Amino acid sequence: MKLSCRAASRLISIGMDRPLGMGELLKLRMHLALCGNCRQFSRQLDALRDAARRAGRGDDAPGD
Ligand SMILES: [Zn+2]
């Protein structure tokens, strides 16, 4: 079963909030392997989440 770009980007967004199911993850991985647009979208969201996390923590030195 193929995933549309629309469905793929939705899965990417959902995956930012909670872990995806095995079936969803597999379908998404397969789509990302073939679709550069969605791969880029996934990277952008990843970078955003990373930046947000860093901003939230202020510093990435291990807490003590
Ligand atoms: Zn796509």
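Here, each number is a calculation from the coordinates, and none is a lab measurement. In this text the structure is predicted, and so the values were computed from the model without any measurement. So basically every Cβ, Gly included, is an ideal-geometry build from the backbone, and we count neighbours across all protein chains shown.
The P(r) of the chain has a tail past 20 Å containing 35 percent of all C-alpha pairs.
With R₀ fixed at 25 Å, the C-beta to C-beta distance from ASP46 to ARG6 puts the FRET efficiency at about 0.85. Normalised by the number of residues in the chain, the mean separation of alpha-carbon contacts (under 8 Å, six or more apart) gives a relative contact order of 34 percent.
Database note for the chain: Cys without another Cys beta carbon under 4.7 angstrom, CYS5.
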